[in-house]
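Student: The structure under discussion is supplied below as structure tokens; questions concerning it will follow.
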Amino acid sequence: MAITIDSHLEFTEQTQALDPFPGYSGFRHIRTFCKDENTIYLVVVADENAINVIFQFHATADMNFLSGYGLFCAYPNLTFNNKSYTNPSAADSSGNGYNLKMLAKKLKRRGLEHRTRFVEHSQWETHVCGTEKNCPTTLRSMYDEAALFVPFESVRTKSWSPTMYDGKNGVVWSLGGPPCNGRGLYTDLINMTVPVYHAEVEGHIS
Ligand SMILES: [Zn+2]
């Protein structure tokens with residue numbers, strides 16, 4: 001199999017599918033495609049929709065997925081400005097064998113300005129936790145204005161709200177972690193599948 005980009009750039013599959021990363025759940029396998037020095041890792045998930053697993057990734061820059069409905073990016077304001085930060089739950093899960101310094105180096109090599117904490121990005125030094133959409137403690141919805149979804153032409157509907165999940169449900173999430181000013185309670189990761197109506201309402205009021 002190959003992945004073709006812009007009808008001429010062909011990435012060919014190099015190896016057999018790899019096993020999922022240790023410590024992750026919901027992943028089926030990883031396929032590797034190469035063209036010269038560039039590599040595409042295709043992470044295949046077992047669930048119907050990859051949004052249920054992207055919040056396990058170590059960096060916001062990786063919190064994107066492609067499905068049969070379209071392309072989704074959870075933190076486009078960061079990602080499209082080449083910025084990223086460490087997922088608080090990944091930073092706090094010791095013993096998973098993942099070296100967060102290696103993560104920062106890897107993302108820097110790829111041209112990203114990666115920080116251990118969101119608040120270390122100078123433009124967000126002062127922000128309101130729980131309200132600022134890029135803050136890890138803010139409750140987000142896949143339907144809110146800070147997320148990006150590009151539906152495929154073939155599944156576009158007349159509705160203002162395209163199918164992102166399965167037509168019936170949506171997902172709300174918060175990466176959690178300590179408050180950015182260091183004062184207050186630690187919150188856990190929230191990743192909930194809710195009826196699409198509730199996801200839309202959450203997206204509009206938050
Ligand atoms: Zn914050």
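The values are calculated or read from the model by the stated rules, or taken from the named source; none is laboratory data. Everything numeric here is computed off the predicted structure, so don't read it as measured data. No Cβ is skipped: glycine too gets one built from the backbone with ideal geometry, and neighbour counts run over all protein chains shown.
Student: Specify which of the listed residues (L103, L71, L66) is assigned by TED's automatic domain parsing to the domain that holds S174, under 26 Å from E13 (Cα atoms) and touching a Pro at 6+ places or on another chain (Cβ under 9 Å). Outline the logic, then answer.
Tutor: Working: L103 fails: touching a Pro at 6+ places or on another chain (Cβ under 9 Å); L66 fails: touching a Pro at 6+ places or on another chain (Cβ under 9 Å).
Residue meeting the stated conditions: L71.
Student: Kindly check whether there is at least one residue in the stretch 145-165 that is in a loop (DSSP other than H, G, I, E, B), within 16 Å of the ligand (Cβ to nearest atom) and at pLDDT 90 or above.
Tutor: Narrowing the stretch 145-165 to residues in a loop (DSSP other than H, G, I, E, B): 145-147, 152, 156-165.
Next cut, within 16 Å of the ligand (Cβ to nearest atom) only: 146.
Applying the additional criterion that residues be at pLDDT 90 or above yields 146.
Yes - at least one qualifying residue is present in the stretch 145-165.
Student: Give the residue that is surrounded by the fewest Cβ atoms within 10 Å (Cβ to Cβ), with candidates limited to residues of the stretch 137-154 that are without any contact (Cβ under 8 Å) to a residue 60 or more places away in the chain and closer than 20 Å to M192 by Cα. I'd like the intermediate steps shown before the answer.
Tutor: Filtering the stretch 137-154 down to residues without any contact (Cβ under 8 Å) to a residue 60 or more places away in the chain leaves 137, 145, 153-154.
Applying the additional criterion that residues be closer than 20 Å to M192 by Cα yields 137, 145.
On the way: T137: 22, E145: 10.
Among residues in the stretch 137-154 that are without any contact (Cβ under 8 Å) to a residue 60 or more places away in the chain and closer than 20 Å to M192 by Cα, the one surrounded by the fewest Cβ atoms within 10 Å (Cβ to Cβ) is E145.
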